[in-house]
Amino acid sequence: MDDVVAEQAVAAVAVIEVGRKLDCSVLVLQRVVHPEDPWSGQLAFPGGRKEVSDENLFATCLRETREECGIELQASELVKPLPASYAGRVANRLTLVQPYYFRREIAPKIELQQTEMRAYFWLPLQYFLDVDQHETSEIAAGRIFPCIRVEGWPLWGFTYEVLRSLYLP
């Protein structure tokens, strides 16, 4: 990973995989619909912007995950940090985000922060690996993006690209 890029990141997310081998799933949250939120209603990993009180982006990731879905991640569950990349291209709000990849054998209890999160889904890895499930769809007016449907909702953009780079060659 390019350390300079990672140091410039201002937000962090948790890619949380649960299960064993190919019987794994990855957690995605659906944001509430809010007119001032550029990511309103979208599927995303738990995470958010670094606050002054956060020691570093890893601390941001842990705090945001705890706040948004009630999961207390442990440093021992970290598999590796993934390459930092930009989110928010469609909304013209480029945000450099540092993803952290975690693994657990058993799915944790989820307690959604109702003011920010509408729902959660465990995306089965087998489903994501099935290239026939991937499509392109008009996500923003007149703009077509690659995506995969999770219980009818399109998972696209930054979240889709992180999963694609992690699981698909």
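Between residue 49 and residue 129, the FRET efficiency estimated from the beta carbon spacing at R0 = 25 angstrom works out to 0.20.
Normalising by the residue count of segment 3-128, find the relative contact order in percent from Cα pairs under 8 Å and 6+ residues apart. Walk me through the numbers on the way to the answer.
Numbers: 262 pairs, mean separation 46.9, N = 126.
Relative contact order of segment 3-128: 37 percent.
Give, as a single signed number, the net charge of other residues whose beta carbon lies under 10 Å from the beta carbon of residue 154, with Lys and Arg counted +1 and Asp and Glu -1. Net charge in that neighbourhood comes out at -1.
Highest average first, the peptides 14-20, 136-142, 108-114, 43-49 ordered by how many other beta carbon atoms sit within 10 Å of their residues are 43-49, 14-20, 108-114, 136-142.
Recomputing volume of the Cα convex hull per residue in Å³ from the coordinates shown identifies the correct label among [x] 124; [y] 102; [z] 132 as [x].
Segment residue 107..residue 34, full-extension length gain: 23.4 nm, with 0.36 nm per residue of separation and the alpha-carbon distance subtracted.
Length available on full extension from residue 115 to residue 96: 0.36 nm per residue minus the Cα-Cα distance, which gives 4.5 nm. Counting DSSP beta bridges with both partners in segment 3-128, what percentage is antiparallel, nearest 5? Expressed as a percentage, antiparallel bridges in segment 3-128 total about 75. Between residue 75 and residue 139, the modelled label-to-label distance comes to 3.4 nm, taking each label 7 Å out from Cα in the direction of the beta carbon.
Dividing the summed helix terms, -39500 (n - 2.57) for each DSSP H run of n ≥ 4, by the number of residues in the chain produces a 222 nm estimate of -6000 deg cm²/dmol to the nearest 500. With the charge dipole of the chain set up from +1 on Lys and Arg Cβ and -1 on Asp and Glu Cβ about the Cα centre, the Cα lying farthest toward the positive end among the listed residues 127, 160, 19 is that of 127.
When 77, 151, 68 are sorted by how many other C-beta atoms sit within 10 angstrom of their C-beta, beginning with the fewest, the order is 151, 77, 68. Charged side chains reduced to their Cβ positions (Lys and Arg at +1, Asp and Glu at -1) give the chain a dipole of some 180 debye around its Cα centre.
Readers should treat all values here as calculations from the given coordinates under stated rules, not as data from a laboratory. These numbers come from a predicted model, not from an experiment. Don't worry about glycine lacking a Cβ; one is built from the backbone with ideal geometry, like all the others, and counts go over all protein chains shown.
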